[in-house]
Structure formats: structure tokens, C-alpha cells
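Chemist: To start, I am sharing the structure in question, which I have written as C-alpha cells.
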Amino acid sequence: MRRMPVEKKLGVCNLCEAICGLELTLEDGRVTGIRGNPDDPLSRGHICPKGTALADVHADPDRLRRPVRRVSTGSTTEDRWEEIGWDEALDLVADGLARAVNEHGRDALAIYLGNPNAHSLGSLTHGSALLKSFRTRNKYSATSVDQLPHQLVAHVMYGHQLFLPIPDIDRTSYFLVLGANPMASNGSLMTVPDFPARLRELDARGGRMVVIDPRRTETAKAAHEHHFVRPGTDAHLLLAMLHILYDEGLTRPPGYVDGLELVEDVVRPFTPEAAAEVTGVPADEIRRITREFAAADGAAAYGRVGVSTHAFGTVCQWAIQLLNLLTGNLDRQGGVCFTSPAIDAVGTGLIGRGHHDLWRSRVRGLPESGGELPVSVLREEIETPGEGQVRALLALAGNPVSSTPDGNALDRALAGLDFMAAVDIYVNETTRHADVILPPTTALERDHYDLVFHLLAVRNTARFTPAVLPAEDGAMHDWQIYREIARRTQQRLAAKLPLSKRLVLRARLTVSPTRQIALLLRRGSSGVTMRDLRKHPEGVDLGPLRAGQLPRRLPHRSGRIDAAPALVLADVARLAAVPPLEPGALRLIGRRHQRDCNSWMHNTTRLTKGRARHQLLMHPDDLAERGIADGSVVEVSSRVGTVDVEVLATADIMRGVVSLPHGYGHRREGVRLEQAVDLPGVSINDLTDPELLDVSGNAAFNGMPVQVRVSSSVSDRTGRTPDPVR
Ligand SMILES: Nc1nc2c(c(=O)[nH]1)N[C@H]1C(S)=C(S)[C@@H](COP(=O)(O)OP(=O)(O)OC[C@H]3O[C@@H](n4cnc5c(=O)[nH]c(N)nc54)[C@H](O)[C@@H]3O)O[C@H]1N2
Ligand SMILES: Nc1nc2c(c(=O)[nH]1)N[C@H]1C(S)=C(S)[C@@H](COP(=O)(O)OP(=O)(O)OC[C@H]3O[C@@H](n4cnc5c(=O)[nH]c(N)nc54)[C@H](O)[C@@H]3O)O[C@H]1N2
Ligand code: SF4
Ligand SMILES: [Mo]
């Protein structure tokens, strides 16, 4: 046989928000090498181990390549998966979804969208149309276990849920980081590939990075300063910083802001001394950091998962905005700025402004945000009988059993559904409950343009990446699957959408993602066309973030910023009402490792080999106090569950705090991830509590009380759930 020549192609990594440009080596049509593309104007050659593992996902024998249907055998552990054709599979899905709606009403169908939807062009262009074709109130996504507080704050303060200022990290001289670990995560709501190099440049400029985190993380170690903070208490710290700004006359807000007198009133009681008591950060340090922040020639405050998935996530994100705003750092070079993407999904209205509390969840009465309900209510909406009860679920690229609070309870609830379909590439903790799984092509086989992450990047660039590999014979892209689900289900619904709406949807579903990008580029003001992008697959540089764009670009109908949204101010009052920890309790926090990718990608040796990293991290003094030996198996329990896991002593974690990584614990019956199921570790979300929420409805994972004791059980409880699939 004739060998195909070795070929180089430019690609893109879509696994995290850093969107690194890649250079792939192909031999005989197989990927034999992946490296960072040095010519990419944003990622500048950066790559992390996950980027290299993209090829492993494509080659993974466990990955689904054809639709599968679960065949019940009576004995639940022996259910079989049978490969079926696309036509049959899509019809089965449409039948199941339409049946639930026709028999029980439109809210009987729930939809969950997972994180990879934001990382796929086709999901973005076709997913919203698919959602619109179902008029259910039971829409859920990973947003409410992640960044909902940011979106709510942006919506109420600036008038658009994704009008988010981004740290001008390449020019700042003071970078204040709360609850984020970009050295491992590569940034979030801040697309910042090659964070380590950018940090070195900050240092070389004489700038500082200050990190506030209950764990001495990789980022904390690289910082100029790190301060431990008690989990869940950052709002006190941030409000004290605002208090100091007023107290010492350090505020210099711009003129286009309303509500500042209210802010001054609200922060008055939050003295640094009071904050020191609650947070553990000394009052003098809070004063010094605040003064240095205010005096810096360009300072940027930034807070992420540690202060978003948090009981006061919304207050924290609001206070972070105010810290930037009051010190004159919003819309300032070296402060935080708004991006100028070639496709402005915010300015053009492609992504809606958002809304809040237009309706409430049926059982617990929690408010919607941006059309979604908090995923913490999904289990009760499935299990509570009555009109509007969820009977069927469509899970799109998500793994809520592993990633949402009380995963075990949701796991059991999924087993009771009338019908479930998943668009996913694996049989995992969640999709094992599906009746049908529809696997799309993987990232290397799809055209890509980052509709979301160019919007959030620390530098303005644009890049279009044609598919690196041809789609396998008979494979379907996610957008084609979404289109077919919408079309076929619509045909079967008794109550159809009005004709005008159907026509609009049909148009939106028909045009391919790539074509949509070409059209959207033409509507933008950057002057960049699809032709330019095809000529420059490494990406086109549109320059650093631009300052001085406000108030012109403010989305708020008033043209002003609301510094004192009623919803946030009301929640500040709740701060005083936080109950103290019960005796002996510790506060649980999460963590991410550079070689983990949320709850998936544990099926590749490349990422799982080496030193174990699934353990519960605990301070040596906390271990000694309980008579627990380093390395032993401990029992961790919360209000909702108990897990047994190995403990690892480290002085890198604050006393009174323990940490488990997120995304572990694959040993459930029926999971078909041959390598991952052997990986030790438990799911942190078998401990987290769906009753603990931020005012936005976001899960409050961090700072949750747990008890840790020597394990009493001899049995293997490390994540194996005995209850079988349906
Ligand atoms: N306790 C705790 N819980 C957390 C977090 C935490 O820090 N602590 N973090 C939260 C955060 S930030 C997030 S974003 C969520 C994530 O929550 P989810 O989005 O629910 O979970 P993921 O682990 O991202 O799951 C991705 C799913 O998509 C599938 N998949 C991968 N690639 C593709 C593809 O190309 N197409 C399709 N159709 N499917 C694909 C995978 O097999 C997997 O099932 O978890 C949240 N949960
Ligand atoms: N390698 C890798 N990269 C990823 C991901 C991944 O799974 N692996 N996931 C991607 C996703 S979906 C997201 S959303 C981003 C998240 O990106 P980051 O937010 O940067 O990542 P985390 O590691 O979750 O960082 C949260 C930090 O908050 C700290 N923390 C916990 N509780 C508190 C608290 O109460 N106060 C303060 N101040 N800090 C606290 C934790 O110790 C931790 O260091 O990462 C993305 N990138
Ligand atoms: S940093 Fe993120 S985008 Fe870059 S290679 Fe790693 S996973 Fe991919
Ligand atoms: Mo996330």
C-alpha cells in the first residue's frame, strides 16, 4: 500500500477557555503529533498536556462512533448497548421527547446543556435554535454550577449578561486574584493562553500579582503575595476593601454611574477589623492591599470559581466590579476592559441581554435566570409528582451526575425517567441512563470559530480553523444532530410552534455554522472577512484590549451603570446571617489540576499516569487533632452523603479547610470508560448540597461544612454506587 506523506495542519484546542492554536502532524491520516502553534497571535505557541491528548479522545476505543440504544435485559447490570443507524436513532429520540410533551405538556421535557457546548461552534449556532424549538421552562445548564453570578451581575449592572470586563493582564501592574487558579485552569471568563509567560512579563514590568485563596495553589506559589482566606467569606473581605476606599477618600468613579451613595451606605458597617475576624486576613493587610490596588498604574481585580460557586457569589462578583469601577480601573488600560471581537455576540444581540425571575421553579420556587432554572432543582422536578413534572430529559454534552450537587440523588432520579436521550461521545455516569445516545464528531473533525471565547480574551484576535480530519463515514456533526432532533420532534408535537417561528427556526437550523460565521463577520466592524481568516489560519491579530469605550458601549438602556442593583444590596443583608460551623466541622473546597478536564478525559493514560491527585487535602494539624494518619482512608460526610477517600497531608491548605478535586469518581455500574473506572477517587458532588445556593441560584459548592473521621467501613465505598441503572 502506498503511504500517505507526512502532513502538517493547523488546528485548535477547544478543551478549555484558553483556545490554544495547534500544529498537528498527520501520518497516514492519523494524528502523530500535536504542538502549540507559535504563530498564533493569542496563544503564541502555548499548549498544555490536555491539548496533546486531543488525539487520544479521537482514537479512544471507548468513544462512541455510532448511535447506541440501551437494551434492557431485566438484570440492570447487564443492560446492553446496541449500535443502530442514525435515522432510527433520531426517530427514537424524537418519539421519546415528543411523547413526553404530547402526554404531559411542554414542561415535561427537561434539557441540560453541558460545558462543551460553549466550546463547539456547531453547538453554539444550532443549540439555541434547538432550545427555542422546545418551549419548556425546564432548561438547565452548567451555568448554574459555574458562572451564573457573573452573568447576573453583568445583566443588572451593565445591561447584558455577557458584557464582562476582562483583565488587561498584558499591561496591568497589579493583578488581584480571588478564588481562581489560572496556572492550572488557564483562565476562565478570561481567555488567557500561556498564563505563566504572561505572569513572567508582569513581573518583569515590576507589576504584582496578589492571590486570595484558602489553598496555596500553583497560582498562589507563583504570586508575589498569597493570603489564606476562610472559604465562603470573601464577600466580607471585598466589602471591607470598598469601605476603605470610601473611608480614605480613594474613590474616583466615572460620571456615568448611578447608585454610588447607596453603595457607600451599604459598605459602611464592613470594617477591615470585622472582615479580619471572619476571613482570617489581617486588617492591616486588607488596608495595605486596598491602598496599593487604588494607587497602582492600572489594576485589575478578578475572581472566579472559588468566589462564584460560593454562597455569596453574586455579592462577590458585584464587589469585584465595584473595586475596579471605584478605583477608576474599569475601561482603563491595565485595568479591566471590554473586548472588541470580530463577531460581537453581545453588541449584535446574538446572545440575549438576559433576565431574572420572570418565572420560578415549580417545586422550590427558585427564580430563572436568562431562561434557565438552577440545576440544583432538577432532581426534585423529576421526582415530585404533579403538573409540570419532568418525564423526559435531553442531555447535551453534559454530565450532571458528576458535576451538580448531590449527584447520587440525581443519578437515582434519572433512573426513574420515562425517557432520556443524550448527545455525547461516552457512556458515562449520566449517559448510562439514556435510552439512546447520539455521538457527534469530535473537535478535530469540525470547523471551528470561537464565538464565546474571543469575547472574553485578554487580546483581540480572530481565527477560523477548518476541520483537521475528515469526519468518519456516516458520522454526524453536533449541529446536524441538533437540527435533526429539532426537526423530527417538531413534526411529532401535537402543539406546534406558530408558523412564523417555525420558518425562522428552520432558516437558522439550515445554514451551516461556517456559513453563519462568514455572514456574522460581514456584519461586524472589524473589517475581517472569512477570506482573511482562511488565508491566515494561525489567526488575525486585532490588537490589545481597548480602553475608553464607555459609556458609548454600555448595553443598559439608560446608557449608565447601575452600581447598586436592589437584588444584590438585599443579599448583602444575608451576610450577617451565615450560621457558624458546627463543632469539629471543616469547610470543603474544590480544585482543578492541569491534567484534568472537568469530569471527562480520564480515559487517557497520557493524562492519568504519574502521581495520584484524587486525595482529600488536609492540614497536618487538622489530621493530628483527629488522630488520622497521612495516607489513610477517611470518611468524609456532609448533609447529603458520605464518601471514603485517601487523605493527603499538606501545609498548602488552610487549617479548617479540606479540598477534593472535581470530576473524579467514575466507578458506577454500567459506565463504559475502561481506564477511567480504575482511577481512584470519588465525586465531590456526592457530598455537595443542592440546598446551598447563591442568590442567583448558582450552586454554593465552596465552603460547605463536612466532617472528616477515620473510615469505619471496611468495604470499598470509594465512589461505587450499588444502585443499578434502570
Ligand atoms: N463540586 C464542583 N462541581 C463542579 C465544579 C466545581 O468546581 N466543583 N465545576 C463546575 C463547572 S465550572 C463546570 S463547567 C461543570 C461542568 O459540568 P458538565 O458540563 O455537566 O460536565 P463535563 O464534565 O464538562 O461533561 C462534559 C460531557 O460532554 C461530553 N463531551 C465531550 N466532548 C463532547 C463533544 O464534543 N460533543 C458532545 N456532544 N459531548 C462531548 C463528555 O463525554 C461529558 O459527558 O461542572 C461544575 N461542577
Ligand atoms: N486543567 C483544567 N483546566 C480547566 C478546567 C479543568 O477541569 N481542568 N475546567 C475549566 C472550567 S469549566 C472552568 S469554569 C475553569 C475554572 O477556572 P478557575 O476558577 O481558575 O479554577 P479552579 O481550580 O476551580 O479555581 C478555584 C480556586 O478557588 C479556590 N477557592 C475555593 N473556595 C474559595 C473561597 O471561598 N474563596 C476564595 N478566595 N477561593 C476559593 C480554590 O482553592 C481554587 O484554587 O477552568 C477551566 N480550565
Ligand atoms: S491550555 Fe486549554 S486550550 Fe490550551 S492546550 Fe491546554 S486545554 Fe487546550
Ligand atoms: Mo466551568
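Chemist: Please compute the alpha carbon radius of gyration of region 8-160, then divide it by the globular-protein estimate 2.2 N^0.38 Å. Two decimals is fine.
Modeler: 1.37
Chemist: Mean shadow of region 161-274, computed from the convex hull of its alpha carbons, in nm²?
Modeler: One quarter of the hull surface, i.e. the mean projection, equals 8.6 nm².
Chemist: Another question, if that's okay. Give the Kirkwood hydrodynamic radius (Å, one decimal) of region 101-236, defined as one over the mean of 1/r across all pairs of different Cα atoms.
Modeler: Every distinct Cα pair counted, the radius reaches 17.8 Å.
Chemist: Which loop chymotrypsin sites (Phe, Trp or Tyr not before Pro) in region 211-261, with loop taken from DSSP, have no more than 16 other Cβ atoms within 10 angstrom of their Cβ?
Modeler: Those that pass, being in a loop and sparsely packed, are TYR256.
Chemist: Which whole number in µm²/s is D for the chain by Stokes-Einstein, with the Kirkwood Rh taken over Cα pairs at 25 °C and 0.890 mPa s?
Modeler: 94 µm²/s
Chemist: Continuing with the same structure: Looking at this model, which pairs from LYS8/LYS535; LYS8/LYS609; LYS221/LYS609; LYS50/LYS221; LYS9/LYS609 are more than 18 angstrom apart at the alpha-carbon?
Modeler: LYS8/LYS609; LYS221/LYS609; LYS50/LYS221; LYS9/LYS609
Chemist: A further question on this structure: Compute the FRET efficiency between THR650 and ARG709 as 1/(1 + (r/R0)^6), taking r as their Cβ-Cβ distance and R0 = 25 Å, and round to the nearest 0.05.
Modeler: For THR650 and ARG709, the calculated efficiency is 0.85.
Chemist: For region 392-469, list log₁₀ I(q)/I(0) at each q in 0.11, 0.15, 0.18 Å⁻¹, using the Debye formula over Cα point scatterers of equal strength and ignoring solvent, two decimals each.
Modeler: Ignoring solvent entirely, the Cα scatterers give -0.43, -0.68, -0.80.
Chemist: For region 530-586, just the Cα set please: Rg and Dmax, both in angstrom.
Modeler: Computed over the Cα atoms of region 530-586, radius of gyration and Dmax are 23.2, 65 Å.
Chemist: For region 579-710, just the Cα set please: Rg and Dmax, both in angstrom.
Modeler: Considering region 579-710 through its Cα atoms, Rg and Dmax are 15.0, 44 Å.
Chemist: Enter the Cα centre distance for the pair region 334-360 and region 264-323, rounded to the nearest angstrom.
Modeler: First find each Cα centre; the distance between them is then 25 Å.
Chemist: Give the dimensionless ratio obtained when the Cα radius of gyration of region 1-75 is divided by 2.2 N^0.38 Å.
Modeler: 1.48
Chemist: What aspartates and glutamates sit close enough to LYS501 to cross-link, taking a C-alpha to C-alpha distance under 20 Å and skipping anything fewer than 8 places away on the same chain?
Modeler: LYS501 reaches ASP107, GLU484.
Chemist: Once label points are set 7 Å from the Cα along Cα→Cβ at both GLU472 and LEU581, what is their separation, rounded to one decimal in nm?
Modeler: Each label point lies 7 Å from its Cα, and together they span 4.8 nm.
Chemist: Check which residues have an amide H placed less than 5 Å from ILE561's amide H, if you skip close sequence neighbours.
Modeler: Result for ILE561 returns VAL257, ASP258.
Chemist: If you don't mind, there's one more thing I want to ask. With the full set of protein chains in place, find how many percent of the accessible area of the chain is carbon and sulfur; take the probe as 1.4 Å.
Modeler: Of the solvent-accessible surface of the chain, carbon and sulfur hold 51 percent.
Chemist: Let me ask another. Counting only residues 5 or more places away or on other chains, whose amide H sits under 5 Å from the amide H of HIS226 once H atoms are built in the peptide plane?
Modeler: VAL211
Chemist: Next question. Hey, can you grab everything whose amide H is under 5 Å from the amide H of GLN549? Only 5+ residues off in sequence or another chain; H modelled, so Pro and N-termini drop out.
Modeler: Under 5 Å from the amide H of GLN549 lies no amide H from a residue far enough along the sequence or on another chain.
Chemist: Residue-wise, which Karplus ³J(HN,Hα) couplings in Hz belong to region 184-200, taking 6.51 cos²θ - 1.76 cosθ + 1.60, θ = phi - 60°, and x for glycine or proline?
Modeler: With the stated coefficients, region 184-200 comes to 9, 8, 6, x, 8, 6, 5, 6, 9, x, 6, 4, x, 5, 5, 5, 4 Hz.
Chemist: Given the C-alpha centroids of region 129-203 and region 1-62, what is the distance between them in whole angstrom?
Modeler: Result: 25 Å between the Cα centres.
Chemist: Of GLN594, ILE286, PRO67, which is farthest towards the positive pole of the chain's charge dipole, taken about the Cα centre with +1 and -1 on the beta-carbons of Lys, Arg and Asp, Glu respectively?
Modeler: Farthest towards the positive end: PRO67.
Chemist: For region 178-258, state which trypsin sites (Lys or Arg not before Pro) are in a DSSP loop and have at most 15 other beta carbons lying within 10 Å of their beta carbon.
Modeler: ARG205
Chemist: Are there trypsin sites (Lys or Arg not before Pro) in region 409-512 that DSSP marks as loop and that have at most 16 other Cβ atoms within 10 Å, and which are they?
Modeler: For trypsin sites (Lys or Arg not before Pro) across region 409-512 that sit outside H, G, I, E and B with at most 16 neighbouring Cβ atoms in 10 Å, the list reads LYS496.
Chemist: Next question. With a 1.4 Å probe and every protein chain left in place, work out the accessible area per residue of region 80-228 in Å², rounded to a whole number.
Modeler: 29 Å²
Chemist: Regarding region 295-395, what whole-number volume in Å³ per residue does the convex hull of its Cα atoms give?
Modeler: Given the Cα convex hull of region 295-395, per-residue volume reads 157 Å³.
Chemist: Over region 522-657, how many percent of alpha carbon pairs lie in each 5 Å bin up to the one with the longest distance?
Modeler: Pair shares across the bins are 2, 6, 9, 10, 9, 9, 10, 10, 10, 11, 9, 4, 1, 0.
The values are calculated or read from the model by the stated rules, or taken from the named source; none is laboratory data. What you see is a predicted model; the values in this text were computed from it and never measured. Here Cβ is always computed from backbone atoms with ideal geometry, including for glycine, and neighbour counts include all displayed protein chains. Protein only, heavy atoms only, side chains kept; ligands, DNA and RNA dropped before computing areas. Shrake-Rupley method; radii C 1.70, N 1.55, O 1.52, S 1.80 Å.
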